[in-house]
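Okay, structure first, notes after.
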Amino acid sequence: MLSNKNIVLGVSGGIAVYKALDVVSRLRKLKANVNVIMTKAAAEFVSPLSFQSLSQNYVVTDMFDEPKTWDVEHIALAQKADLFVIAPATANIIGKIAGGIADDMLSTTVMATRAPVLIAPAMNTNMYTNPVLQRNIKTLKDLGYKFIEPASGRLACGDYGVGKLATPEDIVEGILSFFKVPSVKTLRDKKILITAGPTQEPIDPVRYITNHSSGKMGYSIAKSARERGAEVTLISGPTSLEKPCGVEVIDIITAEDMHRAVLEHFENSDIIIKAAAVADYKPKEVSKDKIKKRDSDLSIELTRNPDILLELGRMKKDKILVGFAAETKELLESAKSKVHRKNLDFIVANNITLDGAGFKGDTNIISIIDGFGKIQKYDKMKKEDISNIILDKIYELIKLKE
Ligand code: CTP
């Protein structure tokens, strides 16, 4: 899957160095060529020989080592890289790159490369949340460096919090998605039902009530799920988007139509993702004729539409059920209560008032809240990347249930 790809892996010093061995081993299985550069501190934790044996390439640790070729080594590796990965990345190496310091083999090669750089930080929570480090990360992100966010949990030092190196599986996933190679977190043979877009609730033959949903999020999830081998049914409100290839698309107009179509497909689905922005209310009466203007005000009486997701939650059994919550205030409280009320595995919540978030654009800023109340917040990212986060989370849930 990664044949002909040259990946230079920078390993900086920390207890998580041993996990980088697993990253090398996974990349080799995917046929990538891997060259490892270790800092001196990293070599204190794990011997370069281990990386050498797994990568089957000479491991560079010192600028002034006896050269193994006639090339200037840091320049040769910098030029050779299709992708430069640093995992684990300490606060020190992140600070050096952000500050333009090149004083050892790793920092010098990063400075000399034109390849994209993917950084997986690992450190103590207080170091990770230190504003100096966060400023350095932001500087690098603004310059186009990519990050694989650290996980939360018990750290080697005994503290709990954010700062654990992402799992080798997630690091390799980040690399695969960089090369646009389909995920190894496959959803093959899974039947996924996705809803997307707005609904339109007619008032009369020319008017309707709707919302700003573009359908982009649901369509993006459908496309990514298909790429992972799932059998995908997409129930879509009116949108102007191109239908994703290989996906069964059922077009609907109203919330009632969506309700019917979802119930029809529910039993036969393993996973249901409700990304649609369903109208909670519809006009009580739909006028047969166009409503003519008068001198007086006009009121339209509205009546409730069914809450489809609430109903699915009651019939859920062992299916995986994912909801969305678009909020303008009290995002987390409101989303948390929806997870419980609608019996969801998790909810993807976003504050639509933030810049770069919401319905129409290609990006969003989300938090994921699961049934245990665990909250994971994400920076602004493309809807395509959010789809992969959602599908990865579903993959983990499937693995847990197996
Ligand atoms: N939803 C649904 N049927 C409805 C309304 C919403 O299936 N009639 C689903 C949406 O697809 C979404 C989730 O419920 O996945 C949350 O939608 P949202 O409108 O944010 O929440 P509501 O439950 O309608 O709550 P409120 O309007 O009070 O925010």
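The values are calculated or read from the model by the stated rules, or taken from the named source; none is laboratory data. Only a predicted model underlies this, so the values are computations on that prediction, with no experimental measurement involved. No Cβ is skipped: glycine too gets one built from the backbone with ideal geometry, and neighbour counts run over all protein chains shown. Just so you know, the surface numbers come from the protein's heavy atoms only, side chains and all, with ligands and any DNA or RNA stripped out. Shrake-Rupley method; radii C 1.70, N 1.55, O 1.52, S 1.80 Å.
Odds and ends about this structure:
- Coupling constants for region 387-400 follow from the phi torsions by the Karplus curve (6.51 cos²θ - 1.76 cosθ + 1.60, θ = phi - 60°), and in residue order they are 4, 5, 5, 5, 6, 4, 5, 5, 4, 4, 5, 4, 4, 5 Hz; glycine and proline get x.
- Across region 92-97, coupling constants 3J(HN,Hα) worked out from phi with the 6.51/-1.76/1.60 Karplus curve, θ = phi - 60°, read 5, 5, 5, x, 5, 5 Hz, and Gly and Pro carry x.
- Residue of Val181, Val339, Val278 that the Gaussian network model of the chain assigns the largest fluctuation, springs spanning Cα pairs under 10 Å: Val181
- Among the listed pairs Lys164/Lys399; Lys29/Lys96; Lys316/Lys336; Lys336/Lys380, those whose Cα-Cα separation exceeds 29 Å are Lys29/Lys96.
- In a reduced charge model with +1 at each Lys and Arg Cβ and -1 at each Asp and Glu Cβ, the chain shows a dipole moment near 400 debye about its Cα centre.
- Rounded accessible area of Thr186 (nearest 10 Å², 1.4 Å probe): 50
- Placed amide H near Gly10: partners under 5 Å, 5+ positions off or other chain: Ile37, Val85, Ile86, Ala87
- Remark: relative contact order (the chain) = 10 percent; criterion is Cα-Cα distance under 8 angstrom and separation of 6 or more residues.
- Charged neighbours of Arg341, selected by a Cβ distance under 11 Å, balance to +3 (K, R count +1; D, E count -1).
- Å² of accessible area per residue within the chain, as computed with a 1.4 Å probe and no ligands counted: 51
- Integer Hz, Karplus 6.51/-1.76/1.60 couplings in order for region 328-335, x for Gly and Pro: 10, 7, 6, 3, 6, 4, 5, 5
- At the residue level, Asp392 shows approximately 30 square angstrom of accessible surface with a 1.4 angstrom probe and all protein chains present.
- Close amide H pairs (under 5 Å, H built 1.01 Å from N) link Ala230 with Leu187, residues at least 5 positions away or on another chain.
- Ranked by the mean number of other Cβ atoms within 10 Å per residue, highest first, peptides 147-153, 229-235 order as 229-235, 147-153.
- Here the chain is described by how far its Cα atoms reach on the three principal axes: 88, 42, 38 Å, from widest to narrowest.
- Proximal aspartates and glutamates to Lys216, defined as alpha-carbon separation beneath 16 angstrom and excluding residues fewer than eight positions away on the same chain: Glu242, Asp251, Asp362, Glu384, Asp385
- Taking a Cβ cut-off of under 12 Å around Ile291, the surrounding Lys, Arg, Asp and Glu residues balance to a net charge of +3, with basic ones at +1 and acidic ones at -1.
- Gap separating the Cα centres of region 314-378 and region 150-170, nearest whole Å: 24
- Percent carbon-and-sulfur accessible area, the chain, ignoring ligands, DNA and RNA, probe 1.4 Å: 51
- Within region 34-178, the proportion of Cα pairs with more than 22 Å between them is 39 percent.
- Summarising the amide proton neighbourhood of Leu302: residues at separation of 5 or more, or on other chains, whose placed amide H is nearer than 5 Å comprise Lys284.
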